[in-house]
Amino acid sequence: MEIQSRYDLFEPGDKTALVCIDYHEVQKLVIDQLTALDYRIHTGLFAEDISLKLQTHTYDVVVIDENFNEADIETNQVLNECKRLPMRTRRQQFIVLLGPNMVTNNAMQAFQYSVDLVCSLSDLVNLTPVFRRGVARHREFYKHLV
């Protein structure tokens, strides 16, 4: 199945998310959980599209598949683009890295890849509570810096 393109309209005050996932089943699972948490969602189809979206909007959440666009963790253009964002922008975003090689909630692995949360594909059905807890910690940590 092909991935679906989604481009919700954002209003001031909306919680926003950019989802960069190639596999329809995984993408749907993530989008359904983010929608249930009241996020407005854009999906990325390819690296140039995502780069433009990241430059024009500061998303609250960015979810990246470790193998997005058939890349590996080292050549993942979206992940590398997020690493290059200015720190002021980066602190406002919660970046989640998904993949078969990730260990859910592993802080050291998140630090290694310069993201806020890592999640194994096998734990995606439980993303909501893990995500909610991670976002709360992120907000608390950066509330005086943003």
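What is the gain in length, in nm to one decimal, between K28 and E140 on full extension, counting 0.36 nm per residue of separation less the C-alpha to C-alpha distance? Please report the intermediate quantities before stating the final value.
Values: separation 112, 0.36 × 112 = 40.32 nm, distance 2.90 nm.
My answer for the length gained is 37.4 nm.
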Problem set entry | For R40, distant residues with modelled amide H under 5 Å away | K15, T16, A17
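Would you mind working out the magnitude of the charge dipole of the chain relative to its Cα centre, with +1 at each Lys and Arg C-beta and -1 at each Asp and Glu C-beta, to the nearest 20 Debye?
820 debye
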For this session: Would you work out which of A107, T75, V118 lies farthest towards the positive end of the dipole of the range 45-146, given +1 charges on the beta-carbon of Lys and Arg and -1 on that of Asp and Glu, about the Cα centre?
Result: A107
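Can you give the calculated 222 nm mean residue ellipticity of the chain, where each DSSP H run of n ≥ 4 adds -39,500 (n - 2.57) and the sum is split over every residue, rounded to the nearest 500 deg cm²/dmol? Intermediate values should be presented prior to the final figure.
Values: 6 runs with 56 residues, N = 146.
Result for the chain: -11000 deg cm²/dmol, rounded to the nearest 500.
Treating only the Cβ of Lys, Arg, Asp and Glu as charged (+1, +1, -1, -1), what charge dipole size does the range 12-70 show about its Cα centre? Round to the nearest 20 debye.
Working: 4 positive and 11 negative charges, 53 e Å.
Roughly 260 debye, rounded to the nearest 20.
Every read-out reported here was derived from the displayed coordinates using simple, explicitly stated rules and does not represent laboratory data. As the structure is a prediction and not an experimental result, all values here were calculated from the model. Please note: Cβ atoms are built from the backbone with ideal geometry, for glycine as well, and neighbour counts cover all protein chains shown.
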